[in-house]
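One structure is given below, encoded as structure tokens.
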Amino acid sequence: MLHSILFYVFAVAMLGAAMGVVFSRNPVHSVMFLVLTFFQSALLWILAEAEFLAIVLVLVYVGAVMVLFLFVVMMLDVNIEAAKRGLTRYSFLGIGIALVMAIELVQLIWLRSQGAAGTGGFAPTPEGYSNTEALGAVLYTEHAYAFEIAAVILLLAIVAAITLTMRKRPGIKVQNIAAQVAVRAKDRLRVVKMDAEKKQ
Amino acid sequence: MADLVPQFLVNWVDWGMGIFNSLPAWLQYLTITTWKILFVMIAVILIVAFSTYFERKVIGSMQARVGPNRVGPLGLGQPFADVIKLLIKEVVVPSQSSKFLFVIAPLLSLTPALAAWAVIPLNDWYVIADINAGLLYVLALTSVGVYGVILAGWATNSKYALLGAMRSAAQIVAYEIAMGFALVGVLMAGGSLNLGEIVMAQEGGVSHWFLIPLLPLFVVYWVSGVAETNRAPFDVAEGESEIVAGFHVEYSGVAFAVFFLAEYANMVLISTLTAIFFLGGWASPFEGWTFLNDIPWLAWLTAGGLHWLFTKMCMFMYTFFWFRATFPRYRYDQIMRLGWKIFIPVTIIWIGVEGVMAWFQVGPWSGLGA
């Protein structure tokens, strides 16, 4: 009972936030609505007892990806009028995708009701079951290759992004930290011995 | 003993227990948890209040001044005087600002700092939520705290505030990676993501603490923690000499007080976390010194408990103040260099070292990851 009340509260908040992403006029507000959407979906995952996925969603998307998003959006001077024209122009595409997803969802629910999917909701997890441990046990044994390949692809993407965007301008003044640290007093300082000047 | 307690008090306690026992189980659970949360919140807020006082005293004595000494005995009433002053000041909202975000930004920076206490074990039984993914939860919440700073900078609609927010965002993203990697080392050594179990793995005196086998990770975590809280010498987000007061330049009254509270609550949190991850949390450093148990008034030294966690936390709080009195502010490019080019490689190398050493059971690393 409490479970379903919480589910509907979080789900409604999530849908509202998702609408906010699309309809708010200000791009920064859109990003904040997206953050709220992520939070609500993390809560839904916690309700489904997938606490590892939920926390990682907050950690990766809210804590890192959306911060960078916000960083970019705040720096950009977005033309709101042009963005709004885009909304009406692409609305057919958006509505089309939404319809396809709605049909798929209804089909899924219908299949469930027919008993074709075969599962009757989530089985409650046993006492002392750790989601994180279970994921790790599978990820590092059965799926070790897939995991490592994904890691290498991500590394490649990072290196590629840096090489594509990094430009070396000639004539930049940079500090050589090692040289600065290694410097000794005698390299910079000259002690001059001289007689006291004569009085006028 | 029974004569010492007045009869009406006994009656009251009985009456209260009667009500409590008549409640349904879930309501009993809710009551206990609410009291636990209240206790931790009030303790944290009191520590924050008095750490502002001690900061001024410590820095004062380092600069051969007296520090606050007017309000109450030894100036101990100073935090309350400050709070009352800030409460009765006007909150000015800039006319061109984004009002809602401007008001909500201080709350966004305070909430994660307080919410993270949910999984922190204060001793071997007092923890509000004993969850398995506690370390991940802490990491997720500390990374959310940056929104308060960024939104404050943007919502103010001022160039100075925006610059402060940008600096803060870049800094926190950089240091969070090093912090996360340092915690990977801790969880390898502790063999668990549960903070209570990480403390249990360090029981048995100073030699069992993760401080020694994970020394480089400890340094990286602690310095990154200082950087994450935007404290001196990493306080470029405020940078009085360049950008006035950075992200909170337009904040006044209570709104400013909440930012202040958030900063100090984050300091207390980082100090406690460092104590838990590397200094054995509530475990006693004298564990195993059995001769101390024979002396009756020294038995608390060998027993683990809240007093040890508090002592370790105070030690780190003191170093926060010490840093502020000692180091000049880092330049922005130096901060970025330290985060990306030094800390991240150090953590990656030490995770490798730790793994290899623990695998071959070498030296102080042999007990790790059992």
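Observations on the model:
- For chain B, size of Cβ-based charge dipole, Lys and Arg +1, Asp and Glu -1, in debye: 1060
- 0 to 90° range, to nearest 10: angle between helix A:80-89 axis and chain A longest Cα axis: 30
- Computed Kirkwood radius, in angstrom, where 1/r is averaged over Cα pairs of the range B:264-339: 14.5
- Over the protein assembly as shown: helical MRE at 222 nm, DSSP H runs n ≥ 4 each giving -39500 (n - 2.57), nearest 500: -21000 deg cm²/dmol
- Between B:343, B:327, B:278, the Cα set farthest toward the positive side of the dipole of the range B:270-370 (charges on each charged residue's Cβ, about the Cα centre) is that of B:327.
- Measuring between their Cα centroids, the range B:306-368 and the range A:29-56 lie 31 Å from each other.
- Members of B:89/B:159; B:99/B:341; B:159/B:341; B:36/B:99; B:36/B:341; A:173/B:99 lying beyond 32 Å, as alpha-carbon distances in this model show: B:99/B:341; B:36/B:99; B:36/B:341; A:173/B:99
- GNM result for chain B, Cα springs below 10 Å: residue of B:131, B:88, B:212 fluctuating most strongly: B:88
- By definition, a body whose alpha carbon gyration tensor gives a ≥ b ≥ c is oblate when a/c is 1.5 or more and a/b is not larger than b/c, and chain B fits this oblate description.
- Peptide B:189-202, shielding by other chains (average Cβ, 10 Å cutoff): 1
- From largest to smallest, the equivalent ellipsoid semi-axes obtained for the range B:1-76 from the alpha-carbon gyration tensor read 43, 20, 8 Å.
- In this entry, the range B:218-296 is assigned a mean projected area of 8.1 nm², taken as a quarter of its C-alpha convex hull surface.
- 5 Å-binned pair-distance histogram of chain A (Cα, whole percent): 1, 5, 6, 9, 12, 13, 13, 10, 7, 5, 3, 3, 3, 2, 2, 2, 1, 1, 1, 0, 0, 0, 0
- Helix A:91-114 and the longest principal axis of the Cα set of chain A meet at an angle near 50°.
- Across chain B, the relative contact order, built from alpha-carbon pairs under 8 Å that are at least six residues apart, equals 20 percent.
- Which of B:54, A:60, A:178, positive extreme of dipole for the protein assembly as shown (C-beta unit charges): A:178
- Whole-number D in µm²/s for the range B:237-370 (Stokes-Einstein; Kirkwood sum over Cα pairs; 25 °C, 0.890 mPa s): 129
- Student exercise, the range B:51-175 dipole from Lys, Arg, Asp, Glu Cβ charges, in Debye to nearest 20: 600
- Highest-MSF residue in chain B out of B:311, B:33, B:52 [GNM, Cα springs under 10 Å]: B:33
- Based on the reciprocal of the average 1/r between different C-alpha atoms, the Kirkwood radius for the range B:49-203 equals 18.9 Å.
- Each Lys and Arg Cβ is given +1 and each Asp and Glu Cβ -1; about its Cα centre, chain A then shows a dipole of about 1860 debye.
- Shape call, the range B:109-187: gyration tensor on alpha carbons, a/c limit 1.5: oblate
- Shape metrics for the protein assembly as shown, restricted to C-alpha atoms - Rg then Dmax, Å: 27.6, 114
- Choice from A:101, A:74, A:32 with maximal GNM fluctuation in chain A (Cα, 10 Å cutoff): A:101
- Anchor residue B:85: aspartates and glutamates whose Cα lies under 20 Å away (excluding residues fewer than 8 positions away in-chain): B:55, B:250, B:263
- Counting every C-alpha pair in the range B:96-136, the share spaced more than 11 angstrom apart comes to 70%.
- In degrees, nearest ten, helix A:2-23 long axis to first principal axis of chain A (Cα): 60
- A Förster distance of 35 Å, applied to the separation of the beta-carbon atoms of residue A:167 and residue B:331, puts the FRET efficiency at 0.90.
- The ellipsoid that matches the Cα gyration tensor of the range B:149-196 has semi-axes, each √(5λ) in whole angstrom, of 35, 11, 4, with the longest given first.
- The lysines whose alpha-carbon is closer than 21 Å to the alpha-carbon of residue B:312, local same-chain residues fewer than 8 away aside, are B:57.
Each reported figure results from applying straightforward, stated rules to the coordinates on display, with no laboratory input. Just so it is clear, the structure is predicted and the values come from calculations on it, not from any experiment. All Cβ positions, even for glycine, are placed from backbone atoms using ideal geometry, and neighbour counts span all protein chains on display.
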